[in-house]
């Protein structure tokens, strides 16, 4: 879960150890975050945060 003020957003956050730019993947209701996990890991390997 990703906390946003007083709410929580279901998702997966993959990030490097330092503060860096990020990418937010947004899918529609019929899809799943699983389809973006490979891309998220590749982006994290480049040194960026992905959620």
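The values are calculated or read from the model by the stated rules, or taken from the named source; none is laboratory data. All values derive from a computational prediction rather than experimental measurement. Neighbour counts are summed over all protein chains in view; Cβ atoms, including those assigned to glycine, are modelled from backbone coordinates with ideal geometry.
Scan segment 28-35 and give yes if some residue there is surrounded by 14 or more Cβ atoms within 10 Å (Cβ to Cβ) and either in a strand (DSSP E or B) or touching a residue at least 24 places away in the same chain (Cβ under 8 Å) (or both), otherwise no.
There is no residue in segment 28-35 that is surrounded by 14 or more Cβ atoms within 10 Å (Cβ to Cβ) and either in a strand (DSSP E or B) or touching a residue at least 24 places away in the same chain (Cβ under 8 Å) (or both).
Looking at residue 17 and the list (1) surrounded by 12 or more Cβ atoms within 10 Å (Cβ to Cβ); (2) over 12 Å from the mean Cα position of the chain (by Cα), which single condition is not satisfied?
Unmet condition: (1).
How many residues are modelled with pLDDT of 80 or more and more than 24 Å from residue 47 (Cβ to Cβ) when one looks only at segment 3-28?
Adding up the residues that qualify gives 4.
Residues being within 14 Å of residue 2 (Cα to Cα) and part of a loop (DSSP other than H, G, I, E, B): count how many of those fall in segment 12-27.
Qualifying residue count, segment 12-27: 6.
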